[in-house]
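Peer 1: My questions all concern the structure below.
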Amino acid sequence: MTDSPVVTRFAPSPTGYLHVGGARTALFSWLLARHHGGRFLLRIEDTDLARSTEQATTQLLEDLRWLGLDHDNAKVIHQSRRLDVYNRIIDELMSRGMAYRAYETPEQLDALRAEAERKKQSFTYRKGALPEAEQRRLDSEGCPHVVRFAMPVREYRFDDAVLGKSIVMPADEAQDFVIRKTDGMPTYHFAVVVDDAEMEISHILRGQEHTKNTFYHVALQEALGYARPVYGHLPIILNVDGSKMGKRDRDKKVRHGAHLWLKQGKHTPSDLAAASGLESDRVAAWLDDVQRQLDLPEQAAVMGVIGMSEGDLPEVLVHDFQKNGYLPEVLLNFLALLGWSPGEDRERMSVEEMVRLFSIDGIGKSNARFGRDKLLAFNTEAVAAADAQRLLRGFRDYLAVNPDSPLNQASDSQLSQLLEMKKGFRLFREVDESARFLFIPDDRIAWSAEAIDKVLRKSGGQGLAALRQMRHTLAALGEWTVPNIESAIQSYCESSGLGLGKVAQPLRVAISGGTISPPIFQSLAFLTQASALTRIDRCLRVAAPVSL
RNA sequence: GGCCCCGUCGUCUAGAGGCCUAGGACACGGCCCUUUCAAGGCCGCGACACGGGUUCGACUCCCGUCGGGGUCACCA
């Protein structure tokens, strides 16, 4: 047992929203630190100038905040602001002859790689390709160059805490990798090693795609005299079908929906562009090329036009889960289970329990598929067990990222009332969507043709007849309360010999426009009597224009 | 393709040689409840990738085959 403090970190590159893979890596690192009473630090790896954005950083922080994965460094570290540190160390390495300038252009390197491939050899870059004199000449001319680390050619190995074994790289795979790019920025390999050492990181949990990089990092650590942290490489999270998970899946789904919309409505790509307020060329190119992706606002615009909603898309970003109405602690619980188990049959855990039970030993070695069914079930349970305050807070978090919902006008007590009415719901989105009709003006209710047909006109207009009767009964009601409404409707059912379903459904359609709503008595009571009657009258006009 | 990692129900997993006629969860199927959507109750279906070893004994150890994934950047 060592008593040196456990310090972990999450070090995302700000190139987009946080996705579930990243969230799980963050979670495991966070759990490890919290379990040992250590520290969890956050660092932004923004050394790729072209791809990093300020907005992504903001969103990343917001996603982590929503998840509740708090970091212990008040000041988040940005690598792009530490160039002087990296350059100082790189200069030092060069003066020690452990790093050198290299002048090949990307094209030249491509050619070398292609040649190696043709000879069925693997390409490894090693110093010495250039005669000493030539190297000096180029150095003195100040041509564009990268700096490479002269990686000592020998076997490297490290112990992987997740796999529970040591991983070896043979000497012939050692190569002089780039540590400073032509633009003067350090590469990931270099910045990561320097920063992890300076931040005194003790444990690094990261995705399996980094396994091979670890040998480079170990070599650098040895050259710089840094301590080696414990490494653990996490298995990958895949789609349900076994393919690699990515944001692309959502784009794919939207494109598919767009093509359907074009075909069914006999629209052209420029119609779509015009309707969604985008450039026609861009939309057309996107439709034809599966490699292209729309950015988020564009995606939303297109979805609006073709009638797709957030719930139709597979969630891959943490933000998507918030937007669809999951509780963050549920996402965390589910993500933790994807690749980690506390043993025995333990599954539903609060964040505190996960902290208590977490250990690297419990992390699995095989890739996991991300199935949303179980997550949904977890959320349903959690939401049923949560107290009113938690639900209200969760609902507000949901509404904050769904600014278009009319429920944003609702008061806290109204929201709590809806949550109570919809007991048994799975996602906040369901509560929202099924209750929106309660918050829009009477003259904005749009009746679904299908609902009117099925519930009101079918069976010789039985539904319409019931609705007309109920209109009178409800109009005659004194006090507009749930018990009064209920007893009025119940007694009508008895006297008419109709089942409650035959009466409730027409009413539901009349006041909501569709066939899904919170329980009917409470929905009616939520509206005013006048409003309910207005809606019924309008519905009757819409459904039976001839007979009126 | 080279190198590396992995392989238990459809999915996530428990399992560290006899506790296993392989446990749990979700999904699925059936029945019940029900004013819609949900929720709930009861019952059920369902896996150790394959082939060789080692052992008195293998889901557990070894080898091979097959399958999946990762990686081969001046991206992280």
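No lab work stands behind these numbers, since they all come straight from the coordinates. Since this is a predicted model, take the numbers as computed values, not measurements. Note that we place each Cβ from the backbone using ideal geometry, even for glycine, and neighbour counts take in every protein chain shown.
Peer 1: Hey, could you get me the Stokes-Einstein D for the stretch A:496-548, Kirkwood radius over alpha-carbon pairs, 20 °C and 1.002 mPa s, rounded to whole µm² s⁻¹? Could you put the intermediate results ahead of the total?
Peer 2: Numbers: Rh = 11.6 Å.
It comes out at roughly 185 µm²/s.
Peer 1: Same structure, new question: Can you give the log10 of the normalised intensity I(q)/I(0) at q = 0.09, 0.13, 0.16, 0.18 Å⁻¹, computed with Debye over equal Cα scatterers of the stretch A:1-152?
Peer 2: Summing over Cα pairs of the stretch A:1-152 leads to -0.49, -0.86, -1.01, -1.07.
Peer 1: Once label points are set 7 Å from the Cα along Cα→Cβ at both A:T515 and A:V76, what is their separation, rounded to one decimal in nm?
Peer 2: Distance between label points: 4.6 nm.
Peer 1: Please report the antiparallel percentage of the DSSP beta bridges confined to chain A, to the nearest 5.
Peer 2: Details: 15 of 29 bridges.
Taking every DSSP beta bridge with both residues in chain A, the antiparallel ones total about 50 percent.
Peer 1: Please identify which residues in the stretch A:133-163 have an amide N closer than 19 Å to a label point set 7 Å out from the Cα of A:A111, following the Cα→Cβ vector.
Peer 2: A:134-135, A:138, A:143-146
Peer 1: Using amide H atoms built in the peptide plane, which far-off residues or other-chain residues are under 5 Å from A:D46 H to H?
Peer 2: Those lying under 5 Å, H to H, from A:D46 are A:Q79, A:S80.
Peer 1: Using alpha carbons only, how many angstrom separate the centre of the stretch A:290-331 from the centre of the stretch A:67-134?
Peer 2: If we compute the Cα centre of each part, the gap is 37 Å.
Peer 1: Right, something else. Identify, among A:S95, A:V146, A:I445, the residue whose Cα sits farthest towards the positive end of the charge dipole of chain A, taking +1 on the Cβ of Lys and Arg and -1 on the Cβ of Asp and Glu, with the dipole about the Cα centre.
Peer 2: A:I445
Peer 1: Moving on to the next point. Is the stretch A:209-328 rounded, prolate or oblate when judged by the Cα gyration tensor, a ≥ b ≥ c being the square roots of its eigenvalues, rounded requiring a/c under 1.5 and prolate requiring a/b larger than b/c? Show your work: numbers first, answer last.
Peer 2: Working: a/c = 3.18, a/b = 2.38, b/c = 1.34.
Prolate shape, in that a/c is at least 1.5 and a/b is the bigger ratio.
Peer 1: Across the stretch A:132-217, what fraction of all alpha-carbon pairs, as a whole percent, falls in each successive 5 Å bin from zero upward?
Peer 2: Spelled out bin by bin, the stretch A:132-217 gives 3, 11, 18, 20, 19, 13, 7, 5, 3, 1 percent.
Peer 1: What are the principal axis extents of the Cα atoms in the stretch A:403-548, in Å, biggest first?
Peer 2: Over the stretch A:403-548, Cα extents along the principal axes are 41, 31, 27 Å.
Peer 1: What lysines sit close enough to A:K454 to cross-link, taking a C-alpha to C-alpha distance under 19 Å and skipping anything fewer than 8 places away on the same chain?
Peer 2: Partners found: A:K502.
Peer 1: Computed on alpha carbon atoms, what radius of gyration and Dmax characterise the stretch A:288-397, expressed in Å?
Peer 2: 17.0, 51
Peer 1: Something else: With charges only on Cβ, +1 for K and R and -1 for D and E, what is the dipole size of chain A about its Cα centre, in debye, rounded to 20? Write down the numbers at each step before the final one.
Peer 2: Numbers: 68 positive and 73 negative charges, 244 e Å.
About 1160 debye.
Peer 1: Above 18 Å lies some portion of the pair distances; for the stretch A:171-228, what is it as a whole percent of all C-alpha pairs?
Peer 2: Counting pairs separated by more than 18 Å, the tail of P(r) holds 34 percent.
Peer 1: Using a simple charge model, +1 on the beta-carbon of Lys and Arg, -1 on the beta-carbon of Asp and Glu, nothing else, what dipole does the stretch A:112-242 show about its Cα centre, in debye to the nearest 20? Could the numbers behind the result be given before it?
Peer 2: On the way: 17 positive and 20 negative charges, 86 e Å.
With only Lys, Arg, Asp and Glu charged at Cβ, the dipole is about 420 debye.
Peer 1: Ranked highest first by average number of other Cβ atoms within 10 Å, how do A:525-532, A:71-78 line up? Walk me through the intermediate numbers first.
Peer 2: Numbers: A:525-532: 17.5, A:71-78: 13.0.
For the peptides A:525-532, A:71-78, the packing ranking is A:525-532, A:71-78.
Peer 1: Limiting things to C-alpha atoms, what are the Rg and the maximum Cα-Cα separation (Dmax) for chain A, in angstroms?
Peer 2: Taking only Cα atoms of chain A, I get Rg and Dmax of 30.5, 106 Å.
Peer 1: So which lysines pass the test for A:K212, namely a Cα distance under 21 Å, with those fewer than 8 places away in the same chain ruled out?
Peer 2: Excluding near neighbours in sequence, the set is A:K120, A:K127, A:K165, A:K181, A:K244, A:K365.
Peer 1: In chain A, if the dipole is taken from +1 on Lys/Arg beta carbons and -1 on Asp/Glu beta carbons about the Cα centre, which of A:T105, A:G164, A:V6 is farthest to the positive end?
Peer 2: Towards the positive end, the residue furthest out is A:G164.
Peer 1: Related question: Which value results for Rg/Rh of the stretch A:117-177 when Rg is the Cα radius of gyration and Rh the Kirkwood radius based on the inverse mean 1/r?
Peer 2: Numbers: Rg = 16.4 Å, Rh = 14.5 Å.
Radius of gyration over Kirkwood radius for the stretch A:117-177 works out to 1.14.
Peer 1: A further question follows. I'd like to compare A:177-183, A:359-365, A:26-32: which one has the highest average count of other Cβ atoms within 10 Å, and what's the full order after that?
Peer 2: Numbers: A:177-183: 18.6, A:359-365: 14.9, A:26-32: 26.4.
So the peptides A:177-183, A:359-365, A:26-32, ranked by packing, come out A:26-32, A:177-183, A:359-365.
Peer 1: So, one more: So how long is each side of the stretch A:62-176 along the principal axes, counting just the alpha-carbon atoms, biggest first, in Å?
Peer 2: 56, 38, 28
Peer 1: Taking 25 °C and 0.890 mPa s as the conditions, I'd like the Stokes-Einstein D for the stretch A:16-72 in µm²/s, using the Kirkwood hydrodynamic radius from alpha carbon pairs.
Peer 2: Answer, rounded: 203 µm²/s.
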